[in-house]
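These notes concern the structure reproduced below.
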Amino acid sequence: MEQFIENAKDLYGLEEYELYPVPSHEGGRNLVLVCVKNGIPERVLRFSLLGDKRAEDFLSEAEFVHYLAENGAPVVDVIPSVNGKLVETFSLDGKECFVMLFSYANGMLLFDNGYRYREGAPLEEYFYNTGKTLGAIHRLAKEYKPVNRRPEYFDKYNREYIDELISDEFAELKTAIGERLDEFRKLPMDENVYGLVHFDFSDGNYHIDMNTGDITVFDFDNSMYCWYMFDLANLWIHGTGWYQQEPDGAKRLEYMKGYFDTILAGYRSETTISDEETAQLQLFIDMVLIENIVDEFECCAREGEEPDPEDIEDAAECLIHHIPYAGFGEM
C-alpha cells in the first residue's frame, strides 16, 4: 500500500502534505487519507481497491460531484491530478487501484462532537439545514445531464440479485423484499420524482461548521438513479436516534413527525416535493431498510460468511411483519 500512496502523492502533487488514514467503518469500501499541511487538513485522498467497479463508475461519480460543486451545492469538489484527470488509475502486483482527490469539508462530524449540535443553537436549525442541503443537491440533480451515467436502482435491487445474495435460510426476508421490489416498480419514475441521489445521505457523510451551522457533504460513492424520497426516508431513519430514549411511543412518533416536518421545510426552501410523494414515506423507509440489509449481506459475502441474524433483526422484522415507521407506530 505504501507504493500506492507514493504514486498518488506524485499524481496529485502532495509531496508537502502529511497523510493520515481515516479509520474505516465496518463494511467500508475505500482507504481514505486526510492530507494535512501546516497542521491544517486541506485535501482528502481516496483509494478504491475492491475491484468491483469500472473506471466509468468512478468517472461518473467525479463528474456529478464536480457539477454540484461548480453550481454552488454544499459539497466537496473533486481536484484533478497533475495530468488533469478527475480519476487516476494504476496497477501494482496485478491489482487495479482507482484514486480520487477531494477538497476537505469545513467543520466536523456530529459523531466527533459527541452528537451535540453547536452551542446556543436549537436542534431545529440543524434539522432545517439538513433538509435544505439535501434540497440543494436534488434541485441541481434534476437539471443534470450526465456524460457518464451512474447506475439505476433496479440494476442492483432486483429479485435475481437478491436471490443470489441472500441464502434460503432467510426465506421470509427474501419474500418480503421481493414483495417490496414489486411495489417499487409501480412507482412513477418521471424526472420530477426520480433522479440521481446521494443514496447514503446521513451524518456520517457530511461535516457541520459549528460556528455557522453550514453543512458540507461528501462520499457520493453510492450515488445512483433512484427516487428523491429515498434520501429523505434515510434522514427519517437516521433521525430516530434523537428520540429513542423517549419511553412513550406516541410521543416518539409526535417528535419524529416534528423532526421530519422541519427537514421538509428546509428541503422545500430549495426544491419541490409533492404531498403525494411524502405520503409514501413508509414505503421509502422500507426501501432504505432493504438497502441496509443488502449492504450487510454484501459486506459479509466479501468476508466469506453469513450475517449475524441479530445484525439485521430489526430491519427484517419491519419488512416481514409490515411494522410501519421503522417501529415508531402506525401512520
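The values are calculated or read from the model by the stated rules, or taken from the named source; none is laboratory data. Predicted model only: the values in this text are computed from it and were never measured. Heads up, the Cβs are rebuilt from the backbone with ideal geometry, glycines too, and the neighbour counts pull from every protein chain shown.
Exactly one residue out of Gly195, Gly178, Gly107 is surrounded by 16 or more Cβ atoms within 10 Å (Cβ to Cβ) and either hydrophobic (A, V, I, L, M, F, W, C) or within 27 Å of Glu276 (Cα to Cα) (or both), and it is Gly195. Considering Ala265, Ala250, the condition of being within 20 Å of His322 (Cα to Cα) and among the aliphatic types (A, V, I, L, M) is satisfied by Ala250 alone. Restricting region 228-287 to residues that are in a helix (DSSP H, G or I), within 22 Å of the chain's Cα centre (by Cα) and among the small types (Gly, Ala, Ser), the residue that is surrounded by the fewest Cβ atoms within 10 Å (Cβ to Cβ) is Gly241.
Would you confirm, using the coordinates I've provided, whether Tyr194 is in contact (Cβ under 8 Å) with a residue 60 or more places away in the chain and within 17 Å of the chain's Cα centre (by Cα)? No, not satisfied. Looking only at region 13-67, residues that are among the hydroxyl-bearing types (Ser, Thr, Tyr), outside any strand (DSSP E or B) and under 22 Å from Cys299 (Cβ atoms) come to 1 in all. Within this structure, Phe170 fails the test of being hydrophobic (A, V, I, L, M, F, W, C), closer than 17 Å to Leu264 by Cα and touching a residue at least 24 places away in the same chain (Cβ under 8 Å). Got a sec? Which of Thr271, Thr216 is touching a strand residue (DSSP E or B) at 6+ places or on another chain (Cβ under 6 Å), within 29 Å of Tyr157 (Cα to Cα), among the polar types (S, T, N, Q) and modelled with pLDDT of 95 or more? Sole residue among the options that is touching a strand residue (DSSP E or B) at 6+ places or on another chain (Cβ under 6 Å), within 29 Å of Tyr157 (Cα to Cα), among the polar types (S, T, N, Q) and modelled with pLDDT of 95 or more: Thr216. Scanning for something at pLDDT below 95, surrounded by fewer than 16 Cβ atoms within 10 Å (Cβ to Cβ) and either within 21 Å of the chain's Cα centre (by Cα) or outside any helix (DSSP H, G or I) (or both), does region 155-163 turn up at least one residue? No. In region 88-100, the qualifying residues are those that are touching a strand residue (DSSP E or B) at 6+ places or on another chain (Cβ under 8 Å) and over 13 Å from Lys53 (Cα atoms), and the one that is modelled with the lowest pLDDT is Ser91.
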